[in-house]
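Peer 1: Please see the structure below; I have some questions.
The values are calculated or read from the model by the stated rules, or taken from the named source; none is laboratory data. On a predicted model such as this, the values are computed, not experimentally measured, just so you know. Quick reminder, even Gly has a Cβ in these numbers, built from the backbone with ideal geometry, and neighbours come from all protein chains shown. Surface accessibility is based on the protein's heavy atoms, side chains included, excluding ligands, DNA and RNA. Shrake-Rupley method; radii C 1.70, N 1.55, O 1.52, S 1.80 Å.
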Amino acid sequence: MKLEQNYMELKFKALSINEGFARTVVSSFLLQLNPSLEELNDVKTAVSEAVTNCVVHAYPKAKGDIIMKCKIVNDTIDIEIRDEGIGIADIEKAKEPFYTTKPEQERSGMGFTVMESFMDIVDVCPNGDKGLCVKMRKKIAQVKKAVVGE
């Protein structure tokens, strides 16, 4: 079996305007797998949640950077979104539905739950000494395109 692989890495400021930018980049990269519209929207939504978490929570005093890495191997996309912000003291608590550290901003606390519902695998871990890393994976079910004349 031939192992096909592609990779990209992007660094951008943790600004809310860049959430849409990250969605566009990941969807453009994912198109090479010929995803369904549902699969494309699933991945874009999960990326939106991860990037929004960085924008809202990682850098409370000054805006830092977000790094997004995407890797495609055969029919699977791996996405890593990380920051070097303040991190999360209790990751398991933060993954609970409706838990939020910013209720005054009317945050729902559903970010990790949304990511988990749209991706096959979601892993949240510390990013070394500071920040957070969210790793997500989704297998794309490719549909063979019909050939004219068959």
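Peer 1: Quick check on Ile77: is it closer than 13 Å to Lys11 by Cα, out of contact with any Gly (no Cβ under 6 Å at 6 or more places or on another chain) and at pLDDT 95 or above?
Peer 2: Numbers: closer than 13 Å to Lys11 by Cα: no; out of contact with any Gly (no Cβ under 6 Å at 6 or more places or on another chain): yes; at pLDDT 95 or above: yes.
It is false that Ile77 is closer than 13 Å to Lys11 by Cα, out of contact with any Gly (no Cβ under 6 Å at 6 or more places or on another chain) and at pLDDT 95 or above.
Peer 1: May I ask you to verify whether Ile67 is at pLDDT 90 or above, open to solvent by less than 60 Å² (accessible area, probe 1.4 Å), assigned to a strand (DSSP E or B) and farther than 17 Å from Thr45 by Cβ? Before you say what the answer is, go through the steps one by one.
Peer 2: Details: at pLDDT 90 or above: yes; open to solvent by less than 60 Å² (accessible area, probe 1.4 Å): yes; assigned to a strand (DSSP E or B): yes; farther than 17 Å from Thr45 by Cβ: yes.
So Ile67 fits the description; yes.
Peer 1: Looking at Ile91, is it modelled with pLDDT under 90, surrounded by 12 or more Cβ atoms within 10 Å (Cβ to Cβ) and more than 12 Å from the chain's Cα centre (by Cα)?
Peer 2: On the way: modelled with pLDDT under 90: yes; surrounded by 12 or more Cβ atoms within 10 Å (Cβ to Cβ): yes; more than 12 Å from the chain's Cα centre (by Cα): yes.
Yes.
Peer 1: List every residue pair whose Cβ atoms lie under 6 Å apart, where the two residues are 6 or more positions apart in sequence or sit on different chains, the first residue falls within region 63-90 and is in contact (Cβ under 8 Å) with a residue 60 or more places away in the chain, and the second residue, located anywhere, is of a type in the set (Gly, Ala, Ser) and surrounded by fewer than 21 Cβ atoms within 10 Å (Cβ to Cβ).
Peer 2: Partner pairs satisfying both residue conditions: Gly85/Gly64.
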